[in-house]
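Below: one structure, written as structure tokens.
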Amino acid sequence: MQAVVKKLHTDIDVNISGKGLKDFLKLIKDNIAGIQIVEEEDDDDEYVNVEDTDWYKSIELTPAKVLKIRRENADMTFAELAKKSGIAAPNLALMESGKRNIGARTAKKLAEALNCDAGDFII
């Protein structure tokens, strides 16, 4: 048995900005029959530098936390990071737990392996 359901109306809420917006909207209108695009102007938004907010200032980033975040974002295990950085996995675990400091040379190796700035690990 096969069931077919037709949905007559779908709302998609997307915010788009930047260069090429008009070309993008034209492309969408030309290629999707019956599409309705609603443009909104919202002048109530206030843009601030996230580093100036109380929320950001309340976050206490340590080199250990940064290492964990960078490693997890790179989807790497300790073994994978150890192989790529040349730093022993047990030492990486100690650094990530905050039980071992991250020196300048180690920070440079980590930065190269995780494709980030060495300064990220020196706070």
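What lysines sit close enough to Lys84 to cross-link, taking a C-alpha to C-alpha distance under 27 Å and skipping anything fewer than 8 places away on the same chain? Cross-link targets: Lys65, Lys68, Lys99, Lys108, Lys109.
Electrostatic bookkeeping for Ser97 treats Lys and Arg as +1 and Asp and Glu as -1; over the other residues with beta carbon under 13 Å from its beta carbon, the sum is +4.
Were the residues from Val48 through Lys68 laid out at 0.36 nm apart, the gain over their Cα-Cα distance would be 4.5 nm.
Contour minus end-to-end for Ala88 and Lys26, with contour as 0.36 nm per residue of separation and end-to-end as the Cα-Cα distance? Walk me through the numbers on the way to the answer.
On the way: separation 62, 0.36 × 62 = 22.32 nm, distance 5.39 nm.
Extra length available between Ala88 and Lys26 comes to 16.9 nm.
Every number in this text was worked out from the coordinates using simple rules, so none of it is lab data. Since the structure is predicted, the reported quantities are computational estimates derived from the model, not experimental observations. For neighbour counting, all protein chains shown are included, and Cβ atoms are generated from backbone atoms with ideal geometry for every residue, glycine included.
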